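Read the structure below first, then the notes.
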Amino acid sequence: MAQKLGLYSYWRSSCSYRVRIALALKEIPYEYLTVNLIKDGGEQKKPDFLKVNPLGFIPALVVNKDNQKYTLFESMAIIDYLESYKPEPSIYPKDPIDRANAIAITEAINSGIQPLQNLFVLAEIEKLGGSKAEWAHRLIDNKFKSLESILATTSGKYCVKDTISIADVFLVPQVYNARRFNVDMNQFPIINRISQLLEEHEAFKAAHPSAQPDAQ
């Protein structure tokens with residue numbers, strides 16, 4: 001694997017956090033490229049970064065391959081690429097039902113929770129006179145009730161039985177967000193147990209926001 005990878009990331013970005021976990025689990029080296037989402041209104045909105053990702057979002061993964069540069073964006077797509085780039089250890093269950101469950105949990109977070117409390121949405125809530133913190137707290141609290149019920153049917157040691165999967169990669173950053181917005185995790189014993197267990201794993205420790213070079 002002669003490819004060189006660079007990850008545009010921000011320490012507290014949960015979407016970047018997911019990709020960092022996948023990179024760490026697969027032990028793939030990469031260059032950390034900081035994009036400060038807060039400074040001067042957000043570096044992701046500046047012309048230089050919009051040349052990298054016209055959507056103005058992170059993460060973005062730069063792949064230098066065969067003297068050509070490719071830029072991938074959206075955490076789900078990046079992680080799917082990493083799975084092909086280095087198939088082992090796989091983060092997708094081999095059993096078709098388990099795989100479907102892992103993807104469903106992933107999408108419940110990726111589509112149904114995180115986008116509704118991301119930086120852009122919270123800014124819009126504030127413009128409308130609402131409380132960013134209250135909105136995020138209520139949203140995550142409500143959605144975690146459903147997620148807890150799902151995990152009651154799929155989980156073993158981790159989200160899907162006893163092997164770390166893409167569902168776990170997405171769960172831990174969302175729990176990090178929940179704690180930021182003071183969600184009482186004691187009411188979600190399955191989510192809390194799995195997250196606490198994963199947070200002791202070396203790959204998850206390496207990917208944690210506090211371990212990043214731009215952490216504040």
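Of all residues in the range 198-207, none are within 30 Å of K39 (Cα to Cα) and modelled with pLDDT under 95. S16 fulfils the conditions (1) surrounded by fewer than 16 Cβ atoms within 10 Å (Cβ to Cβ); (2) among the hydroxyl-bearing types (S, T, Y); (3) under 29 Å from F181 (Cβ atoms) except for a single criterion, (1). Does at least one position in the range 162-175 carry a residue that is in contact with a helix residue (DSSP H, G or I) (Cβ under 7 Å, 6 or more places away or on another chain) and surrounded by fewer than 15 Cβ atoms within 10 Å (Cβ to Cβ)? No, that holds for no residue. Scanning the range 15-43 for residues that are part of a helix (DSSP H, G or I), of a type outside the set (A, V, I, L, M, F, W, C) and in contact with a Lys or Arg (Cβ under 9 Å, 6 or more places away or on another chain) gives a single hit, D40.
State whether one or more residues within the range 123-134 are of a type in the set (A, V, I, L, M, F, W, C) and closer than 21 Å to L25 by Cβ.
At the first step, the residues of the range 123-134 found to be of a type in the set (A, V, I, L, M, F, W, C) are 123, 125, 128, 133.
This time we only want the ones that are closer than 21 Å to L25 by Cβ, so: none.
No, there is no match, as no residue in the range 123-134 is of a type in the set (A, V, I, L, M, F, W, C) and closer than 21 Å to L25 by Cβ.
If you go through the range 32-46 and keep only what is touching a helix residue (DSSP H, G or I) at 6+ places or on another chain (Cβ under 9 Å) and either exposed (fewer than 13 other Cβ atoms within 10 Å of the Cβ) or of a type in the set (F, W, Y) (or both), you end up with Y32, I38. Taken together, Y158, Y176 contain a single residue that is of a type in the set (S, T, Y), more than 23 Å from Q117 (Cα to Cα) and out of contact with any Lys or Arg (no Cβ under 8 Å at 6 or more places or on another chain), which is Y158.
Please enumerate the residues belonging to the range 176-202 that are crowded, with 19+ Cβ neighbours inside 10 Å and either in contact with a His (Cβ under 6 Å, 6 or more places away or on another chain) or of a type in the set (A, V, I, L, M, F, W, C) (or both).
A178, V183, F188, I191, I194, L198, listed by residue number.
In the range 82-100, which residues are part of a loop (DSSP other than H, G, I, E, B) and among the acidic types (D, E)? Give the steps one after another, and end with the answer.
First, pick out the residues of the range 82-100 that are part of a loop (DSSP other than H, G, I, E, B): 86-95.
Listed by number, the residues that qualify are E88, D95.
Do we have E107 as charged (D, E, K, R), in a helix (DSSP H, G or I), surrounded by fewer than 16 Cβ atoms within 10 Å (Cβ to Cβ) and within 17 Å of the chain's Cα centre (by Cα) here?
Working: charged (D, E, K, R): yes; in a helix (DSSP H, G or I): yes; surrounded by fewer than 16 Cβ atoms within 10 Å (Cβ to Cβ): yes; within 17 Å of the chain's Cα centre (by Cα): yes.
When the stated conditions are applied, E107 passes them.
Among the candidates F49, F73, the residue that is closer than 24 Å to S165 by Cβ and either without any contact (Cβ under 8 Å) to a residue 40 or more places away in the chain or hydrophobic (A, V, I, L, M, F, W, C) (or both) is uniquely F73.
For the range 73-81, state whether one or more residues are part of a helix (DSSP H, G or I), assigned by TED's automatic domain parsing to the domain that holds T154 and buried (at least 18 other Cβ atoms within 10 Å of the Cβ). Can you show your working first?
The first filter runs over the range 73-81 and keeps only residues part of a helix (DSSP H, G or I), leaving 75-81.
From the residues that got through so far, the ones that are assigned by TED's automatic domain parsing to the domain that holds T154 too are none.
No.
Flag: Y92 does not match the condition of being hydroxyl-bearing (S, T, Y) and more than 22 Å from Y158 (Cβ to Cβ). Selection of the range 52-70 for residues being in a strand (DSSP E or B) and in contact (Cβ under 8 Å) with a residue 24 or more places away in the chain yields A60, L61, V62, V63, N64, K65.
The values are calculated or read from the model by the stated rules, or taken from the named source; none is laboratory data. Quick caveat, the model's predicted, so the values are computed rather than measured. Reconstructed Cβ throughout: ideal geometry from the backbone, glycine too, with neighbour counts over all protein chains shown.
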